[in-house]
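**Q** Here's a structure for you.
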Amino acid sequence: MKKSELEILLQRAPPHPSPKPSLEQYMTPAPVAAEMLFFAAHSGDIIGKVVGDLGCGTGILAAGAGILGASRVVGIDIDGESVEVARKFVEELRQEKNVEFELDFVAGRLEEFHEAVDTIVMNPPFGAQKRHADRPFLQKAFECAHAVYSFHMSQTWEFVEREARGAGFTVTHRNKYKFAIKHLFDFHTKEREHIDVTLFRMERGR
């Protein structure tokens, strides 16, 4: 599959049914999600692997990982409504593209996730509402996986790298993007805000 084809599929990812400001439930833009997943696949971290998505939302990253050849995809999110939407979306794509992979979505808290996976792909809260809200996501990812792909605000790079080093991980790549955040909550003053975001690829014990 070409990256452009994956992007078109991921553009169909539904929005969060009842987004909550405290959870920072912003969709990963489909072009960025497709690029991240192709990068992970070409790095040997998707095809034939067990892939986890922490804070899976409505399933855009989990769906892409499955379509690109993951053997099993596991997603967890505290928002049960979003998990149901994700399950339906990924199942529809799986049947449409006739791709075989195991799928398991769970509604729950991060501390309830104890799966051993090969790779984590995630777009955690950036910490706009609560400082370092992404820390528990990083800590859980480092606990569960060998390779971690995670989006963070570019200005927090020192924090992310410090967390990685403390867990015995090395940052191998930093890919920069612009996230277009649409007007979603009452406190947003612009129709669209562009945020500087960095995708960190982190690997255990390198």
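**Q** Considering only residues that are surrounded by fewer than 16 Cβ atoms within 10 Å (Cβ to Cβ) and within 19 Å of residue 31 (Cβ to Cβ), look in the stretch 158-183 and name the one that is modelled with the lowest pLDDT.
**A** 182
**Q** For the stretch 1-42, name all the residues that are at pLDDT below 90, farther than 26 Å from residue 171 by Cα and charged (D, E, K, R).
**A** The one that is at pLDDT below 90, farther than 26 Å from residue 171 by Cα and charged (D, E, K, R): 20.
**Q** Let me ask you something else. Of the conditions (1) within 19 Å of residue 202 (Cα to Cα); (2) without any contact (Cβ under 8 Å) to a residue 60 or more places away in the chain; (3) not in a helix (DSSP H, G or I); (4) not acidic (Asp, Glu), residue 65 clears all except one; give me its number.
**A** (3)
**Q** Can you work out which of the residues in the stretch 100-129 that are among the aromatic types (Phe, Trp, Tyr) and farther than 18 Å from residue 41 by Cβ is surrounded by the fewest Cβ atoms within 10 Å (Cβ to Cβ)? Write out each step before concluding.
**A** Taking the stretch 100-129 as the starting set, the residues that turn out to be among the aromatic types (Phe, Trp, Tyr) are 101, 105, 113, 126.
If we keep only those that are farther than 18 Å from residue 41 by Cβ too, we end up with 105, 113, 126.
Working: 105: 22, 113: 18, 126: 21.
Selected residue: 113.
**Q** Looking for whichever is at pLDDT 95 or above and assigned to a loop (DSSP other than H, G, I, E, B) here; the options are 53, 45. Which one fits?
**A** 45 is the lone residue from the list that is at pLDDT 95 or above and assigned to a loop (DSSP other than H, G, I, E, B).
**Q** Within the stretch 68-99, which residues are part of a helix (DSSP H, G or I) and buried (at least 24 other Cβ atoms within 10 Å of the Cβ)?
**A** In the first step, residues of the stretch 68-99 are kept if they are part of a helix (DSSP H, G or I); the result is 80-97.
Of everything in the stretch 68-99, those that are part of a helix (DSSP H, G or I) and buried (at least 24 other Cβ atoms within 10 Å of the Cβ) turn out to be 82, 86, 90.
**Q** So which residues in the stretch 7-42 are of a type in the set (Ser, Thr, Tyr), assigned to a loop (DSSP other than H, G, I, E, B) and out of contact with any Phe, Trp or Tyr (no Cβ under 9 Å at 6 or more places or on another chain), if there are any at all?
**A** Initially, the stretch 7-42 is screened for residues of a type in the set (Ser, Thr, Tyr), giving 18, 22, 26, 28.
Okay, now just the ones that are also assigned to a loop (DSSP other than H, G, I, E, B), so 18, 26, 28.
If the condition is that a residue be of a type in the set (Ser, Thr, Tyr), assigned to a loop (DSSP other than H, G, I, E, B) and out of contact with any Phe, Trp or Tyr (no Cβ under 9 Å at 6 or more places or on another chain), then 18 is the only one that fits.
**Q** Going residue by residue through the stretch 153-161, is there one that turns out to be in contact (Cβ under 8 Å) with a residue 12 or more places away in the chain and in a strand (DSSP E or B)?
**A** Yes, there is a match, as at least one residue in the stretch 153-161 is in contact (Cβ under 8 Å) with a residue 12 or more places away in the chain and in a strand (DSSP E or B).
The values are calculated or read from the model by the stated rules, or taken from the named source; none is laboratory data. These numbers were taken from a predicted model, which means no experiment stands behind them. As a convention, Cβ positions derive from the backbone with ideal geometry for all residues, glycine included, and neighbour counts pool all protein chains shown.
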